[in-house]
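Here the structure comes first, spelled out in structure tokens, and everything after it is commentary.
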Amino acid sequence: MSDSEQYVIESGDAGASATIPMEAGQIKKGGYMMIKGKPCKVLSISVSKTGKHGHAKCNFLATDIFTGKKYEDMVPSTHGTTVPIVNRSDWELIDIEGDEVTLMDEGGNQKTDLNLPTYPDGMADEIIEAWNGGENSIIVTVQTAVGIEQIISWKKDNA
């Protein structure tokens, strides 16, 4: 390779996956799993007995962590499934313009690419009402999973 040839690196992604593999029998109530490509929180698990065709089966009832929609899935307990990597962080609300919000973390970093939440119903109105009512210390919790970011809760900061 000569000096005139150069490699162009187009992204600085570390290659980390948004999900991790896990055996279905290891997933617990209150944990997370992917169902039909959606990150879900497990509400209940029922396990059927081992039948003549092999494995015990886990029947999962879960809700989408971003929309609240319920999903069901049945997976043999020894088979693999995927679990989303879910992160939460608190941000201070510093501006609302239309549906878009401007947020700032403790380090002074700003986030301007989020909208007011559509789920649960009414939360966006509560945030706007508090903001318009002169409340200037609103903390929102942003949840991130499988490339999706969304505000999932808020509170008044009384510090």
### Query
Any residue at all in the stretch 72-84 that is under 14 Å from the mean Cα position of the chain (by Cα), farther than 16 Å from GLY30 by Cα and of a type outside the set (Phe, Trp, Tyr)?
no
### Message
Whether any residue in the stretch 101-112 is open to solvent by less than 40 Å² (accessible area, probe 1.4 Å) and within 25 Å of MET33 (Cβ to Cβ) is what I want to check.
### Response
no
### Message
If I filter the stretch 71-83 down to residues being out of contact with any Lys or Arg (no Cβ under 9 Å at 6 or more places or on another chain) and in a strand (DSSP E or B), which single residue comes out as farthest from LEU61 (Cα to Cα)?
### Response
GLY80
### Task
Looking only at the stretch 34-56, decide whether some residue is touching a Pro at 6+ places or on another chain (Cβ under 9 Å), over 30 Å from ILE151 (Cβ atoms) and either of a type in the set (Ser, Thr, Tyr) or crowded, with 20+ Cβ neighbours inside 10 Å (or both).
no
### Message
Can you report the number of residues in the stretch 113-138 which are open to solvent by 60 Å² or more (accessible area, probe 1.4 Å), closer than 16 Å to ILE152 by Cα and assigned to a loop (DSSP other than H, G, I, E, B)?
### Response
3
### Query
In this structure, does GLU92 turn out to be touching a residue at least 12 places away in the same chain (Cβ under 8 Å), under 20 Å from ILE128 (Cα atoms) and either surrounded by 15 or more Cβ atoms within 10 Å (Cβ to Cβ) or in contact with a Leu (Cβ under 9 Å, 6 or more places away or on another chain) (or both)?
yes
### Summary
Apart from one, (1) surrounded by 15 or more Cβ atoms within 10 Å (Cβ to Cβ); (2) modelled with pLDDT of 95 or more all hold for LYS70; the odd one out is (1)
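The values are calculated or read from the model by the stated rules, or taken from the named source; none is laboratory data. The model shown is predicted, which means the values in this text are computed figures rather than measured ones. Note: ideal-geometry Cβ built from the backbone for every residue, glycine included; neighbour counts use all protein chains shown. SASA here: full protein model, heavy atoms, side chains in, ligands and nucleic acids out. Shrake-Rupley method; radii C 1.70, N 1.55, O 1.52, S 1.80 Å.
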